[in-house]
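Encoded as structure tokens, the structure appears first; notes follow it.
Here, each number is a calculation from the coordinates, and none is a lab measurement. Computed from a predicted model, the values in this text were never measured in an experiment. Cβ placement follows ideal geometry from the backbone for every residue including glycine, while neighbour counts extend to all protein chains displayed.
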Amino acid sequence: MLNPTEIKEIELRCKKATNGPWVTDLRNGLWTVYCGEIEHYHPLATISQNQNQENNATFIAHAKMDIIKCLSEIERLHEVIRSLTKGQPLEGGWN
């Protein structure tokens, strides 16, 4: 289970990461993750050659937006819990 400090650390890492959009592209046999506008993409990561290279690149390219969505859902669920428990502290430090 994530505690509030861990959630804050994840949020901070996400905020510090390069803004998107992030995209993938196959060049010279290697999948690369790029960021920026189409005319001015900058490489973020090149995925080493392996049988799962395209899937790994796609995962990385979607990670920031996926994490933002997950963090938002966690906060929404915490609000639901707070409303159901009327603000009483819960195990794990969430209230």
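Key figures for this structure:
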{"quantity": "Residues located in region 33-59, provided they are touching a helix residue (DSSP H, G or I) at 6+ places or on another chain (Cβ under 7 Å) and of a type in the set (Val, Ile, Thr)", "calculated": "VAL33, ILE47"}
{"quantity": "Subset of region 43-80 (residues that are closer than 24 Å to LEU12 by Cα, among the aliphatic types (A, V, I, L, M) and within 19 Å of the chain's Cα centre (by Cα))", "calculated": "LEU44, ALA45, ALA57, ILE60, ALA61, ALA63, MET65, ILE67, ILE68, LEU71, ILE74, LEU77"}
{"quantity": "Matching residues in region 43-52 - criterion: being assigned to a loop (DSSP other than H, G, I, E, B) and surrounded by 12 or more Cβ atoms within 10 Å (Cβ to Cβ)", "calculated": "ILE47"}
{"quantity": "Search result, residues across region 19-75 that are among the small types (Gly, Ala, Ser) and in contact with an Asp or Glu (Cβ under 9 Å, 6 or more places away or on another chain)", "calculated": "ALA57"}
{"quantity": "Residues of region 6-42 satisfying the condition of being assigned to a strand (DSSP E or B), farther than 23 Å from LYS69 by Cβ and either among the small types (Gly, Ala, Ser) or under 18 Å from the mean Cα position of the chain (by Cα) (or both)", "calculated": "THR32"}
{"quantity": "Hits in region 20-41 (condition: free of Cβ contacts under 8 Å to residues at least 24 places away in the same chain and either among the polar types (S, T, N, Q) or surrounded by fewer than 16 Cβ atoms within 10 Å (Cβ to Cβ) (or both))", "calculated": "PRO21, ASP25, ARG27, ASN28, GLY29, LEU30, GLU37, ILE38, GLU39, HIS40"}
{"quantity": "Among residues of region 1-12, those that are loosely packed, with under 11 Cβ neighbours inside 10 Å and within 16 Å of ALA63 (Cα to Cα), counted", "calculated": "1"}
